Amino acid sequence: MSAVVAEHDDHHDHGPAKGLLRWVITTNHKDIGTLYLLFALAMFFVGGSMAMVIRAELFEPGMQFVNPQFFNSMTTMHALVMVFGAVMPAFVGLANWMIPMMIGAPDMALPRMNNMSFWLLVAGVLLLASTLFMEGGAPASGWTLYPPLVLQTGKALPFAIFSVHLLGISSILSGINIIATIFNMRAPGMTLMKMPMFVWTWLITAFLLIAIMPVFAGAVTMLLTDKFFHTSFFDAAGGGDPVLYQHIFWFFGHPEVYVMILPTFGVASTIIPVFARKPLFGYSSMVYATAAIAFLSFIVWAHHMFTVGMPIAGELYFMYATMLIAIPTGVKVFNWTATMWKGSMTFETPMLFSIAFVVLFTMGGFTGLMMAVAPADFQYHDTYFIVAHFHYTLVPASVFILMAAGYFWLPKWTGHMYDERIGQLHFWLSVVSVNVLFFPQHFLGLAGMPRRIPDYAVQFADWNMISSIGGFVFGASQLLFLYIVIDTIKGGTGEKVTAEVWEDAAKHSLEWTLPSPPPYHTFTTPPTVIPTEHI
Amino acid sequence: MNESVKQKNAKLVRILVFVVLGMFGFGYALVPLYDVLCEVTGLNGKVEPSAVKEVSYVVDKNREITVEFMTALNEATPMVFRSEIKKIKVHPGEYYTVNFYAENKTDKVMVARAIPSISPGAVAEFFKKTECFCFSEQTFKAREGRTMPVRFVVNPEIPKEYKTITLAYTFFDNTETSVK
Ligand code: HEM
Ligand SMILES: [Cu+2]
């Protein structure tokens, strides 16, 4: 490290800047990771409150609390806030904290750009939130923003679109930064095929991000010019076609759902071996399966459009291509199970959430397969069945794994141990209530209840009430997580945590070789021993 | 961070920015791609937007296909719009003319455009129009009503399983957007 640049030396001498300004100007990967994670947690509660409005309105048939327009704004904003404000930023936060420490790098490759991505995200989300207070209300077209409906949005339309642009740029910058970090900053000896799975999955996710976010930006720009400059991309009167929007959107949208699930896979593959006290089963097949899923995600988009009137050849192609995804996904589920097989398992909170993820994500995968069957999807499409499908793949999968990640790494980040009893309570309340919340939605969908409606026929009343009760319990249980995070930051159980925190974790990944909490700057000299237990 | 890593980063960033720009362009490239695909294959019930030359086919007197006509107005279009007949039985290969009536209900000049759609989508390529009011924008004087013909033929090569074709038109009010 003779050729250290002066600018870097500065940092090294000072440590973090003093006061609040530290958080505004920081370029330190740990600080930015913390910012992302806390912001995501806040947005999780904002988006969650919107879900509570939805479930309150659906508690009984008839109109109870909100008008239909606002109800539809809630479904739209709930999805946008959760996807772009909570789940994606939470994983970017984990990437910031963990990737440099896992590959033995001193920081992210592009620290200033890192700061910019975070603040663009904040600006984007604030702009989006501001649409709630505009004339005509927030967008109410569903998160897919389909024309012509979305073009009927009031004053909010251009603001919503600009906010999508900002969020897109923020994600693209993160993606570029992560790729550059992983390609150029690895410690000597950290070959690609020795990288922890979390790093692998983020590398692939970052490529997805830079490939799809520009396409989404293009699609919403077309909406904007259609509305204000009569370009008629999607306007039949001018020779356009609204179905075209759906194709462009889902070319983005399907890989987008994998942006939320691939890092989830990565964290699960990191946690399960530690608590099973075994190496990950089939490391290289995990890498290839992840790459295969990412590739396939680009060629299956029209399974969201089986009912638009595609020719039979198209229906068949998208049906079989979609079913193909089940193969690499099955490989992963098999490998997680095989990792646990005959392991010396213990069931601390992170492991509980991870096991629930394996089981419940698989449920979501199964309903996905059902909907991949084109003729059957005519029944499921746009009903509560699909709502149940993607909530199983997102809540007890992505969100549970984010919780698991929180419990797993909080002791590392803060140097304090969380309260295991409250963690277990949080888990059991969550896992029961999430099923009470979403499982009945399968029945509602099969019986024909459409999604995105504020009122429904009385035949759907019972399951909706049960689902709402599950929703309220789930929502309230998450306050326990908030409590634990704050409590752990403040000192937790007071128990001293070791560098390793979890038994033998240092054999799996480099971050456990650092003290807990790690110093502000780590791996300014690269590590010499690369752990290989995870392979 | 040493200089060689900085250079490697800069180079990689340039490549990745290029990918990003390329993908933004790709989004737009999907537009013509989609149109070409739809026109070539007739997906989506999209029909040729201009008249085809009248060629004569061997008329298949043994087959009868029902052609139904549907008319619709886009939400806010202040017009009357109907077809003179609701359906007609046709022999593949023979030419037919059907009249449509459209009327401007406002006191101002109106420019309107009828957008056709054929279902099932797969028959679009066999349904040929030699004359149609839908090929261009129509200008109506205040309160003007007009009868407009559509002349069409069903190509006798149309697969046997098709017995009914629906031709639907939607009129859109383009007065504000059309450049005069
Ligand atoms: C085994 C893998 C999967 C298959 C075969 C699959 C299949 C499908 C199909 C066919 C649909 C369209 C249903 C319809 O509109 O009628 C759908 C919708 C959806 N899927 Fe999946 N899926 C899978 C995994 C996932 C994962 C991992 C996620 C997210 C993490 C996900 C999130 C979604 C979302 C968000 C929608 C709904 C989008 C909307 O219309 O708002 N799916 N899935
Ligand atoms: Cu999909």
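Does A:Val331 meet the test of being closer than 18 Å to A:Leu402 by Cβ and open to solvent by 40 Å² or more (accessible area, probe 1.4 Å)?
When the stated conditions are applied, A:Val331 does not pass them.
So which residues in the range A:437-453 are open to solvent by less than 20 Å² (accessible area, probe 1.4 Å) and either within 30 Å of A:Leu410 (Cβ to Cβ) or outside any helix (DSSP H, G or I) (or both), if there are any at all?
A:Leu437, A:Phe438, A:Met449
Residues checked against (1) away from ligand 2 (no atom under 16 Å from the Cβ); (2) more than 9 Å from chain B (Cβ to nearest Cβ); (3) assigned to a helix (DSSP H, G or I); (4) open to solvent by 10 Å² or more (accessible area, probe 1.4 Å):
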| site | (1), (2), (3), (4) |
| --- | --- |
| A:Pro188 | yes, yes, no, yes |
| A:Val199 | yes, yes, yes, no |
| A:Ala211 | no, no, yes, yes |
| A:Leu244 | yes, no, yes, no |
| A:Trp250 | no, yes, yes, yes |
| A:Gly253 | no, yes, yes, no |
| A:Ile271 | yes, yes, yes, no |
| A:Phe275 | yes, yes, yes, no |
| A:Lys278 | yes, yes, no, yes |
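Inside the range A:488-526, can you point out the residues that are open to solvent by 20 Å² or more (accessible area, probe 1.4 Å) and touching a strand residue (DSSP E or B) at 6+ places or on another chain (Cβ under 6 Å)?
Correct list: A:Gly492 only.
Determine if the range A:368-381 includes at least one residue that is crowded, with 16+ Cβ neighbours inside 10 Å, closer than 28 Å to A:His442 by Cα, under 19 Å from the mean Cα position of the chain (by Cα) and not hydroxyl-bearing (Ser, Thr, Tyr).
Yes.
Tell me whether the range A:197-217 contains one or more residues that are of a type in the set (S, T, N, Q) and at pLDDT below 95.
no
Output the residues belonging to the range A:299-312 that are over 15 Å from A:Leu244 (Cα atoms) and near ligand 2 (Cβ under 10 Å from one of its atoms).
The one that is over 15 Å from A:Leu244 (Cα atoms) and near ligand 2 (Cβ under 10 Å from one of its atoms): A:Val300.
Of all residues in the range A:306-320, which are modelled with pLDDT of 95 or more and of a type outside the set (Phe, Trp, Tyr)?
Within the range A:306-320, just A:Met319 meets the criteria.
Condition first: within 16 Å of ligand 2 (Cβ to nearest atom) and away from chain B (no Cβ under 14 Å). Now tell me which residues in the range A:282-298 satisfy that.
Passing the criteria: A:Ala292, A:Ile293, A:Ala294, A:Phe295, A:Leu296, A:Ser297.
Quick one: how many residues across the range A:149-182 are in a loop (DSSP other than H, G, I, E, B) and touching an Asp or Glu at 6+ places or on another chain (Cβ under 7 Å)?
Total satisfying the criteria: 2.
Counting only residues that are within 15 Å of ligand 2 (Cβ to nearest atom) and within 20 Å of A:Ser468 (Cα to Cα), which one in the range A:365-387 is nearest to the other protein chains (Cβ to nearest Cβ)?
A:Asp382
Among the residues of the range A:107-147, what is the count of those that are of a type in the set (Ser, Thr, Tyr), open to solvent by less than 20 Å² (accessible area, probe 1.4 Å) and either in contact with a Lys or Arg (Cβ under 8 Å, 6 or more places away or on another chain) or more than 14 Å from chain B (Cβ to nearest Cβ) (or both)?
3
Of everything in the range A:213-223, what is open to solvent by 10 Å² or more (accessible area, probe 1.4 Å) and closer than 12 Å to B:Phe26 by Cα? Give them in sequence order.
A:Ala217
Given A:Met305, A:Met319, A:Met323, which one is closer than 26 Å to A:Gln379 by Cβ, in contact with an Asp or Glu (Cβ under 9 Å, 6 or more places away or on another chain) and touching a residue at least 12 places away in the same chain (Cβ under 8 Å)?
Residue meeting the stated conditions: A:Met319.
Where residues in the range A:224-242 are more than 8 Å from every other protein chain (Cβ to nearest Cβ) and not in a loop (DSSP other than H, G, I, E, B), which of them is surrounded by the most Cβ atoms within 10 Å (Cβ to Cβ)?
A:Asp226
Kindly indicate whether any position in the range A:414-425 is open to solvent by less than 40 Å² (accessible area, probe 1.4 Å), assigned to a helix (DSSP H, G or I) and within 15 Å of ligand 1 (Cβ to nearest atom).
no
Looking at the range A:257-272, I want the residues that are within 21 Å of A:Glu503 (Cβ to Cβ) and have a partner that is open to solvent by less than 10 Å² (accessible area, probe 1.4 Å) and hydroxyl-bearing (Ser, Thr, Tyr) with Cβ atoms under 6 Å, at least 6 apart or on another chain. Which pairs are those?
A:Ala268/A:Ser354; A:Ile271/A:Ser354; A:Ile272/A:Thr339; A:Ile272/A:Ser354
Which of the residues that make up the range A:283-316 are away from ligand 1 (no atom under 11 Å from the Cβ), of a type in the set (A, V, I, L, M) and open to solvent by less than 20 Å² (accessible area, probe 1.4 Å)?
A:Met286, A:Val287, A:Ala289, A:Ala294, listed by residue number.
Output the number of residues of the range A:233-254 satisfying the condition of being at pLDDT below 95 and either of a type in the set (Gly, Ala, Ser) or away from ligand 1 (no atom under 16 Å from the Cβ) (or both).
Summing the residues that are at pLDDT below 95 and either of a type in the set (Gly, Ala, Ser) or away from ligand 1 (no atom under 16 Å from the Cβ) (or both) in the range A:233-254 gives 10.
Of all helices (runs of 4 or more DSSP H) completely enclosed by the range A:14-108, which ones contain at least 2 residues that are of a type in the set (Ser, Thr, Tyr)?
The qualifying helices (runs of 4 or more DSSP H) are A:29-57, A:68-80.
Out of the residues in the range A:173-186 that are open to solvent by 10 Å² or more (accessible area, probe 1.4 Å) and more than 9 Å from chain B (Cβ to nearest Cβ), state the one that is nearest to B:Leu16 (Cα to Cα).
Per the criteria, the residue is A:Leu173.
Applying the selection to the range A:342-367, what residues are open to solvent by less than 40 Å² (accessible area, probe 1.4 Å) and in a loop (DSSP other than H, G, I, E, B)?
Correct list: A:Gly343 only.
Here is a list: A:Phe71, A:Phe65, A:Phe59, A:Phe91. Which entry is open to solvent by less than 10 Å² (accessible area, probe 1.4 Å) and over 17 Å from the mean Cα position of the chain (by Cα)?
On inspection, the qualifying residue turns out to be A:Phe71.
Just a yes or no: is a residue in the range A:324-341 outside any helix (DSSP H, G or I), more than 23 Å from A:Gly266 (Cβ to Cβ) and more than 8 Å from ligand 1 (Cβ to nearest atom)?
No, the conditions are met nowhere in the range A:324-341.
The values are calculated or read from the model by the stated rules, or taken from the named source; none is laboratory data. No experiment lies behind these values; they were computed from the predicted model shown. Here Cβ is always computed from backbone atoms with ideal geometry, including for glycine, and neighbour counts include all displayed protein chains. Just so you know, the surface numbers come from the protein's heavy atoms only, side chains and all, with ligands and any DNA or RNA stripped out. Shrake-Rupley method; radii C 1.70, N 1.55, O 1.52, S 1.80 Å.
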